[in-house]
Structure formats: C-alpha cells, structure tokens
1. Please indicate, with yes or no, whether at least one residue in the stretch 135-145 is surrounded by 12 or more Cβ atoms within 10 Å (Cβ to Cβ) and at positive phi.
2. Considering only the stretch 14-31, how many residues are touching a residue at least 24 places away in the same chain (Cβ under 8 Å), in a helix (DSSP H, G or I) and buried (at least 16 other Cβ atoms within 10 Å of the Cβ)?
3. Give the stretch 32-49 a look and list any residue that's of a type in the set (Ser, Thr, Tyr) and either more than 14 Å from the chain's Cα centre (by Cα) or open to solvent by less than 30 Å² (accessible area, probe 1.4 Å) (or both), or say none.
4. Would you confirm whether any residue within the stretch 227-236 is of a type outside the set (S, T, N, Q), in contact with a helix residue (DSSP H, G or I) (Cβ under 9 Å, 6 or more places away or on another chain) and in a strand (DSSP E or B)?
5. Could you check how many residues of the stretch 137-175 are farther than 22 Å from Asp56 by Cα and of a type outside the set (Val, Ile, Thr)?
6. Here are Ala90, Ala60, Ala98: which of them is surrounded by fewer than 24 Cβ atoms within 10 Å (Cβ to Cβ), within 21 Å of Leu214 (Cβ to Cβ), aliphatic (A, V, I, L, M) and at pLDDT 95 or above?
7. Provide a single number: the residues in the stretch 110-129 that are open to solvent by less than 30 Å² (accessible area, probe 1.4 Å), in a helix (DSSP H, G or I) and in contact with a strand residue (DSSP E or B) (Cβ under 6 Å, 6 or more places away or on another chain).
8. Output the number of residues of the stretch 169-191 satisfying the condition of being touching a residue at least 40 places away in the same chain (Cβ under 8 Å), touching a helix residue (DSSP H, G or I) at 6+ places or on another chain (Cβ under 8 Å) and either over 18 Å from Ala82 (Cβ atoms) or among the polar types (S, T, N, Q) (or both).
Amino acid sequence: MTSSALTPAGLLADALRADPGRPLITFYDDATGERVELSVATFANWVAKTGNLIQDELGAEPGDRVALLLPAHWQTAVWLVAAFSTGVVAVPGGDPGAADLVVSGPDTLEQAGRCGGARVAMALRPLGGRFPQPPPAPFMDYAVEVPSQSDRFVPYVPVGPDDPALELPGGELLTGAEVVQRARAEAGALGLTPGSRLLSGLPYDGWSGLAAGLLAPLASGSSVVLCRHLEQLSADGLARRKDAERVTHTAAPGVA
C-alpha cells in the first residue's frame, strides 16, 4: 500500500494498518552483541507509550523542543516518532540549554544537565533495560517510567502537516509535511520499495542518518537494519549479517 500520509505519525499509522506484523527496525549493537527486532506493531506500541509519557508525565506541549542526545538506536527512533506524534519538535544533538526538555544517553548526562526543563535518562541497555543504579536527580529513568504508560495514544492537540516537527543540526526547521516529503524523496534516491531491507550504519546526527535509519524506510514500506558500532564488525561478519537479514540496500561509510 502506498501511504498518502501528510505527517510522520501518519506514515506510522498507515504502516500499522497495512501490515502490523512486518519488521520495521532490526537493531544491532556491535559493541554489546545486542540484536532487537521490532515489528511495526511493536514499534507503534513503544511510540504510543512514549507519547503518553511526553504529554502526561513530562507536561510537554506542541511546539516545545526536545533535545535528543542519543545515538542511532531503536529507542531514539521511538523518541523521534513520539515527538512527531505529540507536536513536540525533535532536535537531534540539540543544545540542552535551549530546549524545553532533554533525553540523554548514559554518556551525556552532564551535558544534558544544562536543560532547565524535564530530563529523561536512557540506559540504552539490551531489551530497553533500566540503569543498574538510578540516574542522578532530577533525571527520570525512561525504562522505569514508560512500561506503565497506556498502549493507546491520542494527542491532546491534533498535529498537522504544517506544524514544526524536526530541527536539523545547523538550525533548519522542517514541518511534518516537509519531513514526509524529504523522506519519500530519500527513499526514491536510495531505491527503496516495499519489502526492501536497508542496512544503515549512519549516525543520527544529520538528515542522511535520520532518513536512512528510520524515515525513508517508514515512508516506503520497507525496513531498516540499524547498526551501532558497525566499525567493530569484521568484513566477514558484515557479509553474514547482510545475508542473514536479506539486506537489499546499504547506507554506511565504506560498505557496498
């Protein structure tokens, strides 16, 4: 099915209606050996819970800016779409001091402490595990708080295609409609079609990584094999992964 969605959240809703069981993200961390596969339905469930966390627990409102100090990771992808769904502007790698709330991995907590608003800490452990010890106050441990959130999400304020959605490094601000349009264009440039499997080793620090690692596959009915620390995988290991995951396209430095 070709999606006619006008917003990133609409792309996910269309994918959920079309084939909820198909893989959307297969995540590898080659520093830890982690592998996680999320179907469209499982991903959408995480997005719903995180959307409820954003608007109910964190008190964020449409137009607020969330600095995402996170690597290319399946949980980062969840936060991106949850932000789009609530009308909160996602700012990957953004300045915490200029943001209304911040989401940080374990290595950037000191930097994230400059945010004067709500602060969320992500352990980024296998299977979405919590921190071994509680993160420093006033950080909220995402893995502790998100499971109890509702599986059904409805934004308090409808999010339209002309609402701001994504601020790229350098300050370019994209609306939801522009995110969708660029994602479709990127999918075309990458040659993605429904059923394609794109292996991405690009970071989420710019449009190319965000598009390859989530948005272009979502817009094209394909899926992504998202790899963190791919440089730690041998050439033979990469070849085996591409074969095992039925990879049809790649977007990674030095990978053909």
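The values are calculated or read from the model by the stated rules, or taken from the named source; none is laboratory data. It should be emphasised that the depicted structure is a prediction, and the values quoted were computed from it without experimental measurement. Methodologically, a virtual Cβ is constructed for each residue, glycine included, from the backbone with ideal geometry; neighbour enumeration extends over all protein chains shown. These area figures cover heavy atoms from the full protein model, side chains too; ligands, DNA and RNA do not enter into them. Shrake-Rupley method; radii C 1.70, N 1.55, O 1.52, S 1.80 Å.
1. no
2. Residues flagged as touching a residue at least 24 places away in the same chain (Cβ under 8 Å), in a helix (DSSP H, G or I) and buried (at least 16 other Cβ atoms within 10 Å of the Cβ) within the stretch 14-31 amount to 2.
3. If the condition is that a residue be of a type in the set (Ser, Thr, Tyr) and either more than 14 Å from the chain's Cα centre (by Cα) or open to solvent by less than 30 Å² (accessible area, probe 1.4 Å) (or both), then Thr32, Ser39 are the ones that fit.
4. Scanning the stretch 227-236, I find at least one residue that is of a type outside the set (S, T, N, Q), in contact with a helix residue (DSSP H, G or I) (Cβ under 9 Å, 6 or more places away or on another chain) and in a strand (DSSP E or B), so the answer is yes.
5. 10
6. None of the other options fit; the residue is Ala60.
7. The qualifying residues number 1.
8. Qualifying residue count, the stretch 169-191: 1.
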